[in-house]
Amino acid sequence: MDLLLSTAVFWGPGLAVFVVECVVFRLTRYRGWPLRLLPAAVLAVSAFRWWEAWRWGGPFQPLTLLACGLLTLSMAAGLLLGVLAGALWAKKE
């Protein structure tokens, strides 16, 4: 149960960003391409939270940095894979 929870918490955002990016690429083949930057804005929020945790410190700073860093990396991987898959999917048609 603990493995399932940790997988959902740390890889769920990456999977969500991947799915959103693929759908956005599919819907904005010809117009509305600035909407493709929407998942990148969500990634920027996650990166800002990591930076804020680093700046403020505190007794749980290492744990917070680890959690925020893993979430940011998961979302960045989902964004990159979503861009690649979405571009290939849009190009195929």
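The values are calculated or read from the model by the stated rules, or taken from the named source; none is laboratory data. For clarity, every value in this text was computed on a predicted model and none was experimentally measured. Counting neighbours? That spans all protein chains shown, and the Cβs are built from the backbone with ideal geometry, glycine included. Please note that ligands, DNA and RNA were not included when accessible areas were found on the heavy atoms of the full protein model with its side chains. Shrake-Rupley method; radii C 1.70, N 1.55, O 1.52, S 1.80 Å.
Between Val45, Val24, Val83, where does the largest GNM mean-square fluctuation fall for the chain, given springs only between Cα atoms within less than 10 Å?
Comparing Val45, Val24, Val83 in a Gaussian network model of the chain, the most mobile one is Val45.
Per q in 0.10, 0.12, 0.23 Å⁻¹, report the Debye log10 I(q)/I(0) for the chain, using one uniform scatterer on each alpha carbon and no solvent.
Reported log10 I(q)/I(0), two decimals: -0.32, -0.44, -1.05.
Please give the charge dipole size of the chain, origin at the Cα centre, charges +1 on K and R Cβ atoms and -1 on D and E Cβ atoms. Round to the nearest 20 debye. Show your work: numbers first, answer last.
On the way: 8 positive and 4 negative charges, 93 e Å.
Charge dipole, the chain, about its Cα centre: 440 debye, nearest 20.
Go through Trp54, Ala8, Thr28 and say which Cα lies farthest out towards the positive end of the charge dipole of the chain; charges sit on Cβ, +1 for Lys and Arg, -1 for Asp and Glu.
Thr28
Give me the percent of the accessible area of the chain that comes from carbon and sulfur atoms, probe 1.4 Å, all protein chains in place. Present the calculation step by step, with values, prior to reporting the outcome.
On the way: 5300 of 6800 Å².
For the chain, the apolar C and S fraction of the accessible surface comes to 78 percent.
What whole-number value in Å² describes the accessible area per residue of the chain for a 1.4 Å probe? Before the final figure, lay out each step's value.
On the way: 6800 Å² over 93 residues.
Heavy-atom SASA per residue in the chain reads 73 Å².
Describe numerically, in nm with one decimal, the distance between label points set 7 Å from Cα along Cα→Cβ at Arg31 and at Leu84.
3.2
State which helices in the chain qualify, where a helix is a whole DSSP H run, it must extend 27 Å or more along its own axis by its Cα atoms, and its mean Kyte-Doolittle hydropathy must be at least 1.6.
Numbers: long enough: 2-27 (37 Å, 1.63); 38-56 (28 Å, 0.49); 61-92 (46 Å, 1.36).
Helices passing the filter in the chain: 2-27.
Quick one: if you take sqrt(5λ) for each eigenvalue of the C-alpha gyration tensor of region 45-93, what semi-axes come out, biggest first, whole angstrom? If you can, show how the numbers build up before the last one.
On the way: eigenvalues 220, 14, 3 Å².
Those come to 33, 8, 4 Å.
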